[in-house]
1. What list of ³J(HN,Hα) couplings, whole Hz, do you get for the stretch 24-32 from phi and the Karplus terms 6.51, -1.76, 1.60, once you set θ to phi - 60° and write x for glycine and proline?
2. Divide by every residue of the chain the summed helix terms, -39500 (n - 2.57) for each DSSP H run of at least 4, and state the resulting mean residue ellipticity at 222 nm, rounded to the nearest 500 deg cm²/dmol.
3. Going through the stretch 1-77, which GluC sites (Glu not before Pro) have at most 13 other Cβ atoms within 10 Å and a DSSP loop state?
4. From the phi angles alone, apply the Karplus equation (6.51, -1.76, 1.60; θ = phi - 60°) to the stretch 7-19 and give each ³J(HN,Hα) in whole Hz, x where the residue is Gly or Pro.
5. Relative contact order for the chain: what percent, with Cα pairs under 8 Å and sequence separation of 6 or more?
6. Over 25 Å between Cα atoms, which of LYS2/LYS44; LYS44/LYS87; LYS2/LYS68; LYS2/LYS87; LYS13/LYS44; LYS20/LYS41 qualify?
7. So which residue, out of LEU84, LEU24, LEU49, gets the largest mean-square fluctuation from a GNM of the chain using Cα contacts under 10 Å as springs?
8. Provide the per-residue ³J(HN,Hα) series for the stretch 70-82, in order, calculated from phi with Karplus coefficients 6.51, -1.76, 1.60 and θ = phi - 60°, each as a whole number of Hz, with x at glycine and proline positions.
Amino acid sequence: MKLRIILKSFNKKLIQNALKQLKLSLISENFRILDMISLPKKIKRFCLLRSPHVDKKSREHFELRFYKSFMDIEFDKISSINSLLKKDLPTGISYSLSNLSF
């Protein structure tokens, strides 16, 4: 069976550390890692007026950077997924699992 783990964060170093941590734990539990891919970052920029009534030219600029990467793994037993789901990732990382069929 094949599974894709998708990691998302606002911090690039957190994602890299989480990938290393996952890789070490997956290797120790006899999962086979097929791919580890980092996707390009997405940047959202916002421009806001500082004052709603006067000074139209006075604005503030903000941006959000989104980092995303995924890991494809292969395993034999479905019961081994339970140990994978119990892993604690660093705070600030969100992950999702999806089934692959290719």
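Only the coordinates and a few stated rules stand behind these numbers; no lab work does. All of these numbers come straight from a predicted model, not from anything done at the bench. Counting neighbours? That spans all protein chains shown, and the Cβs are built from the backbone with ideal geometry, glycine included.
1. 5, 6, 5, 5, 5, 9, 6, 8, 10
2. Details: 2 runs with 22 residues, N = 102.
Helix contribution divided over all residues of the chain: -6500 deg cm²/dmol.
3. Working: sites: GLU29, GLU60, GLU63, GLU74; in loops: GLU29.
Listed in order of number, the matching sites are GLU29.
4. Each residue of the stretch 7-19 in turn: 10, 10, 6, 9, 10, 5, 5, 4, 5, 5, 5, 5, 5 Hz.
5. Details: 161 pairs, mean separation 49.8, N = 102.
So the answer I get is 49 percent.
6. On the way: LYS2/LYS44 33 Å; LYS44/LYS87 31 Å; LYS2/LYS68 20 Å; LYS2/LYS87 18 Å; LYS13/LYS44 19 Å; LYS20/LYS41 19 Å.
Where the Cα-Cα span goes over 25 Å, the pairs concerned are LYS2/LYS44; LYS44/LYS87.
7. Answer for the Gaussian network model of the chain: LEU49.
8. Working through the residues one at a time gives 9, 9, 9, 10, 10, 8, 9, 9, 5, 5, 6, 5, 4 Hz.
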